[in-house]
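Here the structure comes first, spelled out in structure tokens, and everything after it is commentary.
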Amino acid sequence: MGVKERLEKGLIKVPGGTILIAKMADIMAWARKSSMWSLTFGLSCCAIEMMATAASRYDLDRFGMFFRATPRQADVMIVAGWVSVKMAPFIKRLYEQMPEPKYVIAMGGCASAGGPYRDSITIVKGVDQFVPVDVYVYGCPPRPENLILGILKLQERIRREHLAEKNGLPKPVREPIIIPEAGATG
Amino acid sequence: MIAAVIQFFEQHPLLWTFVKAVVLASFTLMIPLAVIWIERKVAGFIQSRLGPLHVGPHGTLQTVADALKLLLKEDIVPDGADKRFFYIAPYIAFISTVLSFMVLPFAPGWVALEMNVAVLFVIGVSLFNVVSILMAGWSSNNKYSLLGGLRAVAQLLSYEIPMVLSVLAVVFYTGSLSLTEIVEYQVKHGWNIWHPPIMIAALIYFICALAEINRTPFDLPEAESELVSGFNTEYSGMRFAFFFASEFANNFFITAFAAALFFGGWDGPILPPIVWTFLKVFVMIFVFMWVRWTPPRLRIDQILRFAWQLLVPVSLVNLLFAIALGVK
Ligand code: SF4
């Protein structure tokens, strides 16, 4: 059941055109989920794969996602790559500079938990130590399909969040979504 | 029924002005929705991608979603910002765009305000845009914004001069400052673009127009690789949306202005005039996007040198030719 069907339910035909009737909450959730601009920054090897996801073959713009250079205009932060101890404060600051509502995707083993550098003293063991992470994407580096799956799951979550708000339920606790290895998802 | 409506508005000119203002402002807000979508599709086409695809049929609702989302975002005003100027800068940019749409003839009689100095008015009003960019850059209290704002002013002012000179060539050639009269002249005597001095003027206008709307070879004010996002770095949510909208509406306007000056405005066979205007505008917008997504960015000194050392002298000489050939 996509946005399309829900919109069709609210479409009323009048002579000479159509009127769209929908609940504000639905439209809000729809707008938020279909226009997630992400912050331009890449930290290491995973960033290359993130760029590949945005470029010709996989094309993130299909989902309305493109990269904005300034945190003030971004909605999603894709942390792609390992975070050194010196880098961490800057990532935190960038996160704080983003306007609400904002989401974080930890891409790859390093951003999720330290990855191959787990034993290094200079690498932070996962960005979730200082910013709340919504989606963890498996891989070293994750395949573009995996990252896209993570983005789609995040879109679903954004929609659900607002539906819960609309029905007067408490906002669901933001439990992280974990995207497993490609192929294992079924 | 229609006659009654017309009579009603004739009796209440103030109401009629209000209606026109509302229509123009909403038109200026709607145009970017279409232009941005086309831009993203064209960009996708040039980079062998697909562009927006999943939001609405073929991504047509993408920009609607973007606009709604920007409306709903948190509105951040930096602590150190000069609040008053920070608040009004986007609206000044937007109002300057709406004002320039005011004198644009879309079809015979389809002009919000018939003005006999329309060309002058447009040039004056479009300079407000520069003011708003400088305001935004200065009041954000951010080094990137400030640099972006200053660069924008340097660039826009130096390109304004050859642009005005090339527009003046048209004015001298057709002997009128009114856009409607310029178009009517072309309906009678053939499009201006086919006359040699105007041809060069059109070329100069095209280059300057690229610079005026910050398109790629000249997109230094928001050079992402060096200035984060230029003058709008600190803007979020709705205020940023106004900057974005006015930029793309300006894109539309500058091509519509060119259509009226060089390509005969609404003139064309078979199809109704309004269709011709939009056809010409969108073909030109496509060319602009084509340029935007192909060449790389220039340096600021190269840009300024190009304007002052080449474009200004050439357009001055060209203006002399236009005066010599155009005087009746
Ligand atoms: S997860 Fe692998 S590919 Fe990604 S940043 Fe770490 S080491 Fe590089």
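Tabulated values for the structure
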{"quantity": "Region A:63-115, subset part of a strand (DSSP E or B) and open to solvent by 20 Å² or more (accessible area, probe 1.4 Å), residue nearest to the ligand (Cβ to nearest atom)", "calculated": "A:Ser84"}
{"quantity": "When residues of region A:116-140 are limited to those that are among the hydrophobic types (A, V, I, L, M, F, W, C) and either within 14 Å of another protein chain (Cβ to nearest Cβ) or open to solvent by 30 Å² or more (accessible area, probe 1.4 Å) (or both), the one nearest to the ligand (Cβ to nearest atom)", "calculated": "A:Cys140"}
{"quantity": "Hits in region A:51-62 - residues which are open to solvent by less than 10 Å² (accessible area, probe 1.4 Å) and either within 16 Å of the ligand (Cβ to nearest atom) or of a type in the set (S, T, N, Q) (or both)", "calculated": "A:Thr53"}
{"quantity": "Residue match in region B:66-73 (condition: among the hydrophobic types (A, V, I, L, M, F, W, C), open to solvent by 40 Å² or more (accessible area, probe 1.4 Å) and away from chain A (no Cβ under 14 Å))", "calculated": "no"}
{"quantity": "So B:Ile274, is it in a helix (DSSP H, G or I) and surrounded by fewer than 19 Cβ atoms within 10 Å (Cβ to Cβ)", "calculated": "yes"}
{"quantity": "Answer from B:Asn116, B:Asn141, B:Asn129 - the residue that is open to solvent by 40 Å² or more (accessible area, probe 1.4 Å), closer than 30 Å to B:Asp301 by Cβ and touching a residue at least 12 places away in the same chain (Cβ under 8 Å)", "calculated": "B:Asn141"}
{"quantity": "Hey, B:Phe244 in a helix (DSSP H, G or I), within 14 Å of another protein chain (Cβ to nearest Cβ), open to solvent by 30 Å² or more (accessible area, probe 1.4 Å) and in contact with a helix residue (DSSP H, G or I) (Cβ under 9 Å, 6 or more places away or on another chain) or not", "calculated": "yes"}
{"quantity": "Residue ID - nearest to the other protein chains (Cβ to nearest Cβ), chosen from residues in region B:39-57 that are touching a residue at least 12 places away in the same chain (Cβ under 8 Å) and among the basic types (Lys, Arg)", "calculated": "B:Arg40"}
{"quantity": "Residue check, B:Leu304 modelled with pLDDT under 85, surrounded by fewer than 23 Cβ atoms within 10 Å (Cβ to Cβ) and part of a helix (DSSP H, G or I)", "calculated": "no"}
{"quantity": "Residue list for region A:64-120, filter: over 30 Å from B:Phe242 (Cα atoms) and of a type in the set (A, V, I, L, M, F, W, C)", "calculated": "A:Ala80, A:Trp82, A:Val83, A:Val85, A:Met87, A:Ala88, A:Ala106, A:Met107, A:Cys110, A:Ala111, A:Ala113"}
{"quantity": "Selection count where residues are modelled with pLDDT of 75 or more and open to solvent by 10 Å² or more (accessible area, probe 1.4 Å), scope region B:220-230", "calculated": "1"}
{"quantity": "Region B:54-63, subset part of a loop (DSSP other than H, G, I, E, B) and under 27 Å from the mean Cα position of the chain (by Cα), residue surrounded by the fewest Cβ atoms within 10 Å (Cβ to Cβ)", "calculated": "B:Thr60"}
{"quantity": "Only listed residue being assigned to a helix (DSSP H, G or I) and buried (at least 23 other Cβ atoms within 10 Å of the Cβ), chosen from B:Ile207, B:Ile200, B:Ile182, B:Ile193", "calculated": "B:Ile182"}
{"quantity": "Residue within region A:42-58 that is within 11 Å of chain B (Cβ to nearest Cβ), assigned to a loop (DSSP other than H, G, I, E, B) and modelled with pLDDT under 80 present", "calculated": "no"}
{"quantity": "Test result for B:Gly237, under 27 Å from B:Ser139 (Cβ atoms) and either in contact with a strand residue (DSSP E or B) (Cβ under 9 Å, 6 or more places away or on another chain) or surrounded by fewer than 23 Cβ atoms within 10 Å (Cβ to Cβ) (or both)", "calculated": "yes"}
{"quantity": "Cross-chain or 6+ apart pairs with Cβ under 7 Å, region A:88-109 first and away from chain B (no Cβ under 14 Å) and within 19 Å of B:Asn142 (Cα to Cα), then open to solvent by less than 60 Å² (accessible area, probe 1.4 Å) and within 14 Å of the ligand (Cβ to nearest atom)", "calculated": "A:Ile91/A:Val79; A:Ile91/A:Val83; A:Ile91/A:Val127"}
{"quantity": "Selection status of A:Asp61, within 14 Å of chain B (Cβ to nearest Cβ) and touching a Gly at 6+ places or on another chain (Cβ under 6 Å)", "calculated": "yes"}
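The values are calculated or read from the model by the stated rules, or taken from the named source; none is laboratory data. This one's a predicted model, so the numbers in the text were calculated from it and none came from an experiment. In this analysis, Cβ positions are derived from the backbone assuming ideal geometry, glycine residues included, and neighbour counts consider all displayed protein chains. Note: accessible area is taken over every heavy atom of the protein model, side chains too, but ligands, DNA and RNA are not part of it. Shrake-Rupley method; radii C 1.70, N 1.55, O 1.52, S 1.80 Å.
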